[in-house]
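The values are calculated or read from the model by the stated rules, or taken from the named source; none is laboratory data. Because the structure is a prediction, the values reported are computed rather than measured. Ideal geometry is used to build each Cβ from the backbone, glycine not excepted, and the neighbour counts take in all protein chains shown.
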Amino acid sequence: MSRIKIFILSAFTTLALGSCLDEFKELNTNPELLGSTDPRNVFTGATENWNNASRTHLMGKYSDVMQQMQYIVFYNGAQEGTYVNPLGNKQPSPYMPYYKDYFEQIGLKLRYLVNTVIPNDPESGRYQHLVAIANILETYEAWLMFDVAGAAPYSEAFKLASEGISTPKYELYKNTYKTFDSKVKENVAALQKVTDNQYNLDKNDYFYRGDVTKWIKFGNTLRIKMAQRLEKADNAFFTSVLSEVLSNNGGIISSNEESCVYNHPNDYNNNTDDTHILTYQYCASRSLVNFLTTYNDPRLALLVRRNGFGKGNNNKLNDEAADLLIKHYPNYQTRFPQWINRYVGMAANPDSVSSDWSNSSYYTLPYKDDKGVDRTMSIRHNSQIESRFYVKNGGKVGTQVTERDKEDAKYDVSQESISLFTPLITYPEVCFMMAEIAFKAGKNQGGKSATTWFQDGIRASMLQYQAWAEKMKVPSAMNPNSDNYNPITAAKIDAYLAQPEFQTVTLDKIVTQQWINLFMRPEEAWATWKRTGLPAFKNKPIPVNGVAFLETVSKGGNALIIPRRTALSAPNTANIDNYNAILKELIAEPNYGSAVEKTDGRIWWDKP
């Protein structure tokens, strides 16, 4: 394969890390000097900028899964190409970096660490905890890859140097899922062995800073997460894993402090020369805003920016436009009632782009200036998504984004003071996962009822987003001088939870809150939607009884479909026979589809 050609050991001459934090710079080594290579440094390089190593990763997330899961909508109106059109010839393959990242970095380098670097180290016995952590992360990335593609080389991968295998065979997910679980289980057990001579990863670990107790909880939680994906495909396996993990004294992720989050080195994505366009190219979706506003959700002001039908959205140019609106349309509040609540989402339905409501970010109004000359004003009517969660300071003003599209420069802070992050598995996600499990079981699971897990998840999600917003310097969360300073507080959370809609649980309510919570991990919202069919679709996505809905999507009246898998990447010609062989097996699976590019088809676990 094109990925496999780099599997020789000399590939690791690229392992030296780029400049980052001062402490990160200290980790740079020459991996060709095997005898002097510190395995901890190799681990840092293998996990560097986990699944978010380039602007392509971020742009792909925005253009695909974040739109498909209706967190955001393109600023010129919903895009038909985001979805599968059954009447069209092309089907989009959602951008999921797992396959490339596994074979070019994460799987490649972690296996090299475990199979070559540590065994050749004179103190290999003191790195067994590192071996276990590396194995858990390598398995996690391999699982993500199989979960969306359905097949890949695995057992024979990375064996060119050791066994001369240059054309590794592909394997199906349905034949590997138990291997993944066993590997995580085995390595969690290795971490639980009492030993006092192990080297600690400490600053080399950008997830947990070497905290083995938290890695144990991550591994246990990952086992439940992987097994839950298979509740329809192999329910007996799911039930067995759940019981086994919940009886493990290592526990599962049980607080926000135990959430597994990769914290990127500080210079990551400092140059926002192309990603800055995200601050104006996407609006918040109608589905997202409708739910947040209906229940006065404290996360609203952190995730969504106010529109321009009034002052106070952290931008003086929009305030000046609002002055024009007030002067020339003194009745604007009654004339444009649909826009005056300041938070308005754009329609995710491509058939809505002909509407003035849904085909642009700005609404144009005519007026006469003081000399009677005809003029026009543009007022932002669809709210922007808060891009600071993904781009430092929401992006720099460049050749495309204008001053009016971003929050005023006075809200910017030093780029070096902001560290971007990528969540893997968080405590709120675990709460909603366990709430669903308890709800379906009709009894307590993991020591809590479905309702308790549900309410704990809401509280944890709100506290998590407040902390993340402070970390990313979102003005409404941390700047008292902001036009819309509105941080999440315990009192606001209590008031939210006191609403009758959140006193009881249903599967729809649980998945709704999981959907909101997974704004920073939309790939998992996609997986949850495939597994549960929720949130469901509705022509007008108005929430009911604490349940959110995605907006029905169509083009020319014909229904569009969210892709359900990725297209398996083709290798180079050397391994094409193995690739073609696995495609035949995939296509033979029920519901996969008639061809690899038919991404409205389903991976084995994704049952109708």
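Yes/no matrix, rows are residues, columns are (1) touching a helix residue (DSSP H, G or I) at 6+ places or on another chain (Cβ under 6 Å); (2) among the small types (Gly, Ala, Ser); (3) under 28 Å from residue 534 (Cα atoms):
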residue: 65; (1), (2), (3): yes, no, yes
residue: 75; (1), (2), (3): yes, no, yes
residue: 87; (1), (2), (3): no, no, yes
residue: 101; (1), (2), (3): no, no, no
residue: 118; (1), (2), (3): yes, no, no
residue: 123; (1), (2), (3): no, no, no
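Quick grid of which residues meet (1) touching a strand residue (DSSP E or B) at 6+ places or on another chain (Cβ under 9 Å); (2) without any contact (Cβ under 8 Å) to a residue 24 or more places away in the chain:
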{"residue": "373", "(1), (2)": "no, yes"}
{"residue": "384", "(1), (2)": "yes, no"}
{"residue": "408", "(1), (2)": "no, no"}
{"residue": "413", "(1), (2)": "no, no"}
{"residue": "426", "(1), (2)": "yes, no"}
{"residue": "437", "(1), (2)": "yes, no"}
{"residue": "442", "(1), (2)": "no, yes"}
Query - helices (runs of 4 or more DSSP H) within segment 1-75 that include 1 or more residues under 12 Å from residue 105 (Cβ atoms) and at pLDDT 90 or above - result: 39-46
Query raised in the report: Out of curiosity, is residue 56 of a type outside the set (A, V, I, L, M), touching a helix residue (DSSP H, G or I) at 6+ places or on another chain (Cβ under 9 Å) and over 20 Å from residue 529 (Cα atoms)?
Result: no
Requested in this report: Please state which of the following conditions residue 586 fails to meet, knowing it meets all the rest: (1) assigned to a loop (DSSP other than H, G, I, E, B); (2) modelled with pLDDT of 95 or more.
Outcome: (1)
Report task. Those residues that are in contact with a helix residue (DSSP H, G or I) (Cβ under 6 Å, 6 or more places away or on another chain), among the small types (Gly, Ala, Ser), in a loop (DSSP other than H, G, I, E, B) and under 17 Å from residue 429 (Cβ atoms), I need them from segment 211-262; list them, please. Result -> 251, 255, 259
Requested in this report: Say whether the condition of being in contact with an Asp or Glu (Cβ under 9 Å, 6 or more places away or on another chain) and under 23 Å from residue 52 (Cα atoms) is met by at least one residue in segment 565-579.
Outcome: yes
Report task. Could you list all residues from segment 388-431 that are small (Gly, Ala, Ser) and under 30 Å from residue 527 (Cα atoms)? Result -> 394, 395, 419
Report task. Determine whether residue 432 is touching a residue at least 60 places away in the same chain (Cβ under 8 Å), surrounded by fewer than 23 Cβ atoms within 10 Å (Cβ to Cβ), of a type in the set (A, V, I, L, M, F, W, C) and part of a helix (DSSP H, G or I). Result -> no
**Report entry** Given (1) hydrophobic (A, V, I, L, M, F, W, C); (2) buried (at least 21 other Cβ atoms within 10 Å of the Cβ); (3) closer than 23 Å to residue 286 by Cβ, index of the condition residue 472 fails
**Finding:** (3)
Query - Failed condition for residue 160, given (1) surrounded by fewer than 22 Cβ atoms within 10 Å (Cβ to Cβ); (2) without any contact (Cβ under 8 Å) to a residue 60 or more places away in the chain; (3) touching a Ser or Thr at 6+ places or on another chain (Cβ under 7 Å) - result: (2)
Query - segment 506-547, residues that are over 22 Å from residue 296 (Cβ atoms) and of a type in the set (A, V, I, L, M) - result: 507, 525, 527, 534, 536
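Can you tell me which of 171, 186 is assigned to a strand (DSSP E or B) and within 30 Å of the chain's Cα centre (by Cα)?
Numbers: 186 fails: assigned to a strand (DSSP E or B).
Among 171, 186, only 171 is assigned to a strand (DSSP E or B) and within 30 Å of the chain's Cα centre (by Cα).
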Requested in this report: Would you mind telling me which numbered condition in (1) touching a strand residue (DSSP E or B) at 6+ places or on another chain (Cβ under 9 Å); (2) touching a residue at least 24 places away in the same chain (Cβ under 8 Å) residue 538 fails?
Outcome: (2)
Query - Hits in segment 352-380 (condition: among the acidic types (Asp, Glu) and either in contact with a helix residue (DSSP H, G or I) (Cβ under 7 Å, 6 or more places away or on another chain) or modelled with pLDDT of 95 or more (or both)) - result: 374
